[in-house]
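Input: a single structure, listed below in structure tokens.
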Number of protein chains: 2
Amino acid sequence: MSKTIAYVLYPGLTALDLVGPLTVTATLGAFEPEYRTVTVARERGPVDSDMPVGLVPTATFDEVRDPFAVVVPGGQAGTFAACADESLLAWIREASSAAEVTASVCTGSLILGAAGLLRGRKATTHWGFRDLLPTFGATPVARRWVEDGDVITAAGVSAGIDMALHLVGRLAGAQAARRVQLMIEYDPQPPLGPVDWTAVDPAALRPYVHQTVNAGLPHDSALAARLLG
Amino acid sequence: MSKTIAYVLYPGLTALDLVGPLTVTATLGAFEPEYRTVTVARERGPVDSDMPVGLVPTATFDEVRDPFAVVVPGGQAGTFAACADESLLAWIREASSAAEVTASVCTGSLILGAAGLLRGRKATTHWGFRDLLPTFGATPVARRWVEDGDVITAAGVSAGIDMALHLVGRLAGAQAARRVQLMIEYDPQPPLGPVDWTAVDPAALRPYVHQTVNAGLPHDSALAARLLG
């Protein structure tokens, strides 16, 4: 029986949050066909991302009821709108309850939180939004990805690639993870080296965080206020 | 005047080849609006990628005649079909002739080669396809990205992110590149460490390379034969 890894599309998601890990698990499926990667959205047809490219899912929520794994990408204002989208949260909650693994990338963890899936768990998200996790009962951790039982949350945007390689290792073993890594040639060489976290001040991003949360929740100022403390 | 960075979509491209660098330059555009990132294809409407997600461009080739930079993603069979698509090659050739920079990711460099843009240049591509570059007069180099004048080619799939950060540094300076890197939290931590290239045998990938080239060029066995030597 195939094991379906379902990536959730919603308006305004960050395209790389989706496409990074999607590429990792779909590449696993190319040589271990029991793993089947799909993209799901409310309807077939293009979904706007927060980048200049639209994204078209392969299935609808109704068509994918029992995924083996669920992955929720993050985004900017659209992600906060998703945090107040009850039918989206209901699908994620139901799919997650039977899934072996539920994962998120970047601010996607806040959607998991809004769905009630992070209560009492350690989790991470984009570095600028980490302070928002306690709103949903989660304990923020500053790591590339955080695994707490069957929930794995990744840090910002590109961290989804690392998280998904970890997921492939967990599901199919280190050899499979190495094979995927080689096929997508994930041997990173950031031209300016790693991020210097000692030079990063999250407070400098607060105006952007406020603007993003409020832009996503124009009709739910109560949730916006809870998130922004 | 805005500087348009145009990413080329064609059927069968690898989604991450596109979305990695796209995210880098579009994030630059968020704080330096003179840089405008667009995706272009023959027609509006979804283009199939080689991953379980469709991609929708923001413009057509006819609408983007004078890009400041052109970026061509790679793929599998679809990329070799693109190497024989004269109207696609004509657009790339014309756009490139006036552009400040022409770039590729993964096997996208073979499309640049088919367009005649790599003659006498050093270039790279996905590690499994590097031997095919001399078909188009290019000298293969085993590096994460290779800059030869106004042409920059990146290695496989995920290398497009590193290449695009280099491009941002070239265009807008190191501070801008660092800012983009931080926003997309590109601080990679491959769970199993870097690729161990001493354990990689490109010959093992030859059957896949042959199959991919032949699948993309069913009506152009002459080009397939040239590519496969």
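Overview of results
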item	result
B:C106 modelled with pLDDT of 95 or more and touching a His at 6+ places or on another chain (Cβ under 8 Å)	yes
Inter-residue pairs, beta-carbon under 8 Å, first free of Cβ contacts under 8 Å to residues at least 12 places away in the same chain and in the stretch A:165-193, second in a helix (DSSP H, G or I) and among the charged types (D, E, K, R), 6+ apart	A:P188/B:D162; A:Q189/B:D162; A:P190/B:D162; A:P191/B:D162; A:L192/B:R178
Count of residues meeting criterion [among the aliphatic types (A, V, I, L, M), in a helix (DSSP H, G or I), under 30 Å from B:A84 (Cβ atoms) and more than 20 Å from the chain's Cα centre (by Cα)] in the stretch B:172-214	3
Residue in the stretch B:58-77 that is within 27 Å of A:P33 (Cβ to Cβ), assigned to a strand (DSSP E or B), hydroxyl-bearing (S, T, Y) and within 14 Å of chain A (Cβ to nearest Cβ) present	no
Count of the stretch A:55-69 residues which are surrounded by 21 or more Cβ atoms within 10 Å (Cβ to Cβ) and within 18 Å of A:L167 (Cα to Cα)	2
Any pair with Cβ under 8 angstrom, 6 or more apart, that starts in the stretch A:92-111 at a residue that is assigned to a helix (DSSP H, G or I) and ends at one that is surrounded by 21 or more Cβ atoms within 10 Å (Cβ to Cβ) and charged (D, E, K, R)	A:G108/A:D17
Looking only at the stretch B:169-203, and only at residues there that are more than 9 Å from chain A (Cβ to nearest Cβ) and farther than 30 Å from A:A176 by Cβ, the one that is surrounded by the fewest Cβ atoms within 10 Å (Cβ to Cβ)	B:Q175
Hits in the stretch A:1-45 (condition: outside any helix (DSSP H, G or I), of a type in the set (A, V, I, L, M, F, W, C), more than 9 Å from every other protein chain (Cβ to nearest Cβ) and touching a strand residue (DSSP E or B) at 6+ places or on another chain (Cβ under 8 Å))	A:I5, A:A6, A:V8, A:L13, A:V40, A:A41
Residue satisfying condition, being under 24 Å from B:N214 (Cα atoms) and buried (at least 21 other Cβ atoms within 10 Å of the Cβ), within set B:V24, B:V72, B:V19	B:V72
Qualifying residue in the stretch B:113-123 (condition: surrounded by fewer than 23 Cβ atoms within 10 Å (Cβ to Cβ) and touching a Leu at 6+ places or on another chain (Cβ under 7 Å))	no
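The values are calculated or read from the model by the stated rules, or taken from the named source; none is laboratory data. Bear in mind the structure is a predicted one, so any value in this text is a computation, not a measurement. Cβ atoms come from the backbone with ideal geometry, glycine included; neighbour counts cover every protein chain shown.
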